[in-house]
Amino acid sequence: MPTRARNPFPLAIITDFGYRDHYAGVMKGVVASIAPGAPVIDIAHGIPAQSIAAGAIVLRESWRYFPARTVFLAVVDPGVGTARAPIAIETRAGARFVGPDNGLLWLAANQAGIKRIVKLTSPRHRLTDVSATFHGRDIFAPAAAYLWRGVPITTLGPALRPTSIVQLVLPHPVESAREVRGEVIYVDGFGNLVSNIDRPVAEHFGSRFRHKYLSVRIRGGASMRLLDAYGDALKGVPLAIFGSFGLLEVAIRDGNAAMHFAAGPGSSLSLVALEGRT
Amino acid sequence: MPTRARNPFPLAIITDFGYRDHYAGVMKGVVASIAPGAPVIDIAHGIPAQSIAAGAIVLRESWRYFPARTVFLAVVDPGVGTARAPIAIETRAGARFVGPDNGLLWLAANQAGIKRIVKLTSPRHRLTDVSATFHGRDIFAPAAAYLWRGVPITTLGPALRPTSIVQLVLPHPVESAREVRGEVIYVDGFGNLVSNIDRPVAEHFGSRFRHKYLSVRIRGGASMRLLDAYGDALKGVPLAIFGSFGLLEVAIRDGNAAMHFAAGPGSSLSLVALEGRT
Amino acid sequence: MPTRARNPFPLAIITDFGYRDHYAGVMKGVVASIAPGAPVIDIAHGIPAQSIAAGAIVLRESWRYFPARTVFLAVVDPGVGTARAPIAIETRAGARFVGPDNGLLWLAANQAGIKRIVKLTSPRHRLTDVSATFHGRDIFAPAAAYLWRGVPITTLGPALRPTSIVQLVLPHPVESAREVRGEVIYVDGFGNLVSNIDRPVAEHFGSRFRHKYLSVRIRGGASMRLLDAYGDALKGVPLAIFGSFGLLEVAIRDGNAAMHFAAGPGSSLSLVALEGRT
């Protein structure tokens, strides 16, 4: 298959469809029908149902580990069948993103550098019958498959201006005299609480307190030490760490921090300077 | 690999084996050993354990979105190791189905048009040691892999008459003067209650009540409006819709209708004509 | 792609990362970047979190059903970021294993016949930035992908002696006058309780009691019959069987034995000789 030999990059899929039904599988069937030989990678179908922010964060943390021209097909779509547009985005980094215009694609596409956005309107590049309930199958999977096959993005529909699509903005941490106030933006499957505080912010803050201890406080209460590895903690003891997102996390070794602290997206998570000996 | 270039269609798998163990993975290992290069697609391994009807409905809703000659390997098999036969079915639409003769393949194969059925008895087309507990690995995966490679179905064993295999019959809705009485036949991972009432039945009924409202009633109690899109409902408010199955569903936007109504397969779900203004 | 045509064997992945996050997906992205065209197979990502023994058992039960030269990438890694070494193992059977040196690879590699072990230290065969929290992405996935591409294992780092890596030893059953005392070593997703008593041990024991009944006793209490197939039992009735592992299991047809008996890894499970008629 010449198409394939020239196109060894994957088509990678993220959804909140779960693993109980055929929804994700049917999308892969549509891809296989339109783009036979496309290497399909399931990133995750277990995004919490309807959670656009969780899907957007997962997509942002995933895209740069894939081959440059990968087509990402992402569907978390509580507004399916309403006026929200179906879109595709081409980026300067090479990655392409296909999904609903509800913020889901924004974090990743913005990081990859938005080059072109189109609204998916071409009737030749969707299934013949488009339902009001399953655009993943009827619109997004076909568009992603045609992009993988080399159809120019501009063929899929009219251009949209970057400022006209929905932007998902995560909260910024706030630095004050004695703390950086952040919040939990993501909870992973291990129960780790991932915050919006990245390493540069923490280092800037820490550099002001050479002779003090830094501590991490969750929900304004319990505080814990900042460690270098999960395995450095005792079992069952809470710890803070810069995790694989490059963001400050609160975790419990062999435990579940989200349950332990009854915390989730929106819970406060701060970096605090404590008095201490030199 | 010449075999592959001529056979770009996939081998697609549905089971109730879940994602905690190696059972589905081992089947894929057997397929890769016998049919190297076969593009394997996981449709779903999260079918509710031992639920033949759920598996049969998922397979029926999946097959027609795949390339024409796809081989479907389906295993929901509470009778493994007993007298129930292992079978393969060739259809007029091109799809092939491999699995236990317990009704699991019936709805899909019947829809695709049964052309030929064989009982999987050929010792050369199964693993050397066949266990009494895992025919998915020992019998079904090898048979599916050999079919994918181009082995004629008649090589796998003796023909069976279509009337001799187990037929899974879903209940039919009953239309009366003021309602169409249906029932829930499937609950998806979002908690949506999928009924056996399809659009033609509903339209025929509705056409008799031009001046009345149509309403959907679940378990003889709560009734709700028929909408065009999930997103047209308010969050948390129950709605009825023709979903991606083409069947009447009851759903709750950003909620779980199965839990809310304590309903599941077998619960009554009816379309009712109400008095109303013109 | 010549590499691919010569290498149709798969790269198969087992982790405890679950299906909610991008962790397993990102590993597949790294593999696709380094080894485009490698057929990736997800064995399971639902290993119970941090359970090295469960992962080791699943890997041991999987490897021999895959093509001979398959590369297995396994990550259950509570000690990530600490002193435990990252390793790769080449076996006499042909299979290659990549993962942490914490016992996870031991059962499978030992069964396949360990030929060579290396510590993964080569900076050219890992990602540029190695985190302290995600060696699956940063070290293991790259090493597995390079092995798949044909890079010699000795290029990945210095050799380790087999006696220097962590060995995971499962408990042995103990045969006495009237019973074989074993224990549960694995609980599968159906709730089946898999013991450490294999068929040869059971047959040796049984051959001494020609005129007595054999029974299986769980947690020193309830006892049940040894059957040939799950389907031979009535629904809801406990049974014992030699399952797909080739090990004695306790199961409940259409039920969950682990919940029913409140049993799990470590619970006693014995084969007992009862008095009986000839």
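The values are calculated or read from the model by the stated rules, or taken from the named source; none is laboratory data. Quick caveat: nothing in here was measured; it's all calculated off a predicted structure. Glycine gets a Cβ as well: all are built from the backbone with ideal geometry, and neighbour counts include every protein chain shown.
Note on segment B:245-276: residues that are without any contact (Cβ under 8 Å) to a residue 24 or more places away in the chain and either buried (at least 18 other Cβ atoms within 10 Å of the Cβ) or of a type in the set (Lys, Arg) (or both) total 1. Only one of the listed residues (B:Leu239, B:Leu226, B:Leu271, B:Leu247) is touching a Lys or Arg at 6+ places or on another chain (Cβ under 9 Å) and closer than 20 Å to A:Thr82 by Cβ. That residue is B:Leu239.
The residues of segment B:107-140 that are assigned to a helix (DSSP H, G or I) and in contact with a Lys or Arg (Cβ under 8 Å, 6 or more places away or on another chain), listed by number, are B:Leu107, B:Ala108, B:Gln111, B:Ala112, B:Asp138, B:Ile139.
Residues in segment C:70-96 that are under 30 Å from A:Asp228 (Cβ atoms) and surrounded by fewer than 21 Cβ atoms within 10 Å (Cβ to Cβ): C:Pro78, C:Gly79, C:Gly81, C:Thr82, C:Ala83, C:Arg84, C:Ala85. When segment B:234-274 is examined, which residues are found to be farther than 24 Å from B:Phe205 by Cα and in a loop (DSSP other than H, G, I, E, B)? Answer for segment B:234-274, where residues must be farther than 24 Å from B:Phe205 by Cα and in a loop (DSSP other than H, G, I, E, B): B:Leu234, B:Lys235, B:Gly236, B:Val237, B:Arg253, B:Asp254, B:Gly255, B:Asn256, B:Phe261, B:Ala262, B:Ala263, B:Gly264.
The number of residues in segment C:53-69 being surrounded by fewer than 24 Cβ atoms within 10 Å (Cβ to Cβ) and farther than 16 Å from B:Phe134 by Cα comes to 5.
Could you run through segment C:74-102 and say how many residues are of a type in the set (A, V, I, L, M, F, W, C) and without any contact (Cβ under 8 Å) to a residue 24 or more places away in the chain?
1
Among the residues in segment C:3-12, are any in contact (Cβ under 8 Å) with a residue 40 or more places away in the chain, surrounded by fewer than 24 Cβ atoms within 10 Å (Cβ to Cβ) and β-branched (Val, Ile, Thr)? Yes: one or more hits. No other residue among C:Gly221, C:Gly264, C:Gly231, C:Gly243 is on the phi < 0 side of the Ramachandran plot, within 14 Å of chain B (Cβ to nearest Cβ) and out of contact with any strand residue (DSSP E or B) (no Cβ under 9 Å at 6 or more places or on another chain) apart from C:Gly231. Among the numbered criteria (1) free of Cβ contacts under 8 Å to residues at least 60 places away in the same chain; (2) crowded, with 18+ Cβ neighbours inside 10 Å, which single criterion is violated by C:Val237? Failing condition for C:Val237: (2).
Residues that are within 16 Å of B:Pro158 (Cα to Cα), in the same structural domain as B:Trp63 (by TED's automatic domain parsing) and touching an Asp or Glu at 6+ places or on another chain (Cβ under 7 Å): does segment B:107-119 have at least one? Yes, segment B:107-119 has at least one match. All of C:Asp21, C:Asp16 fail the test of being farther than 17 Å from B:Tyr23 by Cα, at pLDDT 95 or above and within 14 Å of chain A (Cβ to nearest Cβ), apart from C:Asp21. Note on segment B:53-76: among residues that are within 7 Å of chain A (Cβ to nearest Cβ), under 11 Å from the mean Cα position of the chain (by Cα) and of a type outside the set (A, V, I, L, M, F, W, C), the one that is nearest to B:Asp188 (Cα to Cα) is B:Glu61.
To keep it simple, each residue is scored yes or no on (1) under 22 Å from B:Asp21 (Cβ atoms); (2) at pLDDT below 90; (3) in contact with a Phe, Trp or Tyr (Cβ under 6 Å, 6 or more places away or on another chain); (4) among the hydroxyl-bearing types (Ser, Thr, Tyr).
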{"position": "C:Ser176", "(1), (2), (3), (4)": "no, no, no, yes"}
{"position": "C:Glu179", "(1), (2), (3), (4)": "no, no, no, no"}
{"position": "C:Val184", "(1), (2), (3), (4)": "yes, no, no, no"}
{"position": "C:Gly191", "(1), (2), (3), (4)": "yes, no, no, no"}
{"position": "C:Pro200", "(1), (2), (3), (4)": "no, no, no, no"}
{"position": "C:Phe209", "(1), (2), (3), (4)": "no, yes, no, no"}
{"position": "C:Lys212", "(1), (2), (3), (4)": "no, yes, no, no"}
{"position": "C:Ala222", "(1), (2), (3), (4)": "no, yes, no, no"}
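Under the condition of being more than 11 Å from chain C (Cβ to nearest Cβ) and more than 21 Å from B:Asn192 (Cβ to Cβ), the residues counted in segment A:29-52 number 7. Per this entry, A:Ile153 is not counted among residues that are over 17 Å from A:Val76 (Cα atoms), under 20 Å from the mean Cα position of the chain (by Cα) and surrounded by fewer than 23 Cβ atoms within 10 Å (Cβ to Cβ). Summed over segment A:157-196, residues that are under 20 Å from A:Leu105 (Cα atoms), within 14 Å of chain C (Cβ to nearest Cβ) and outside any loop (DSSP other than H, G, I, E, B) total 4. From the list C:Ala143, C:Ala132, pick out the single residue that is within 14 Å of chain A (Cβ to nearest Cβ), in contact (Cβ under 8 Å) with a residue 40 or more places away in the chain and of a type outside the set (D, E, K, R). Unique residue meeting the criteria: C:Ala132.
Could you run through segment C:153-166 and say how many residues are modelled with pLDDT of 95 or more and within 14 Å of C:Phe97 (Cβ to Cβ)? Total satisfying the criteria: 5.
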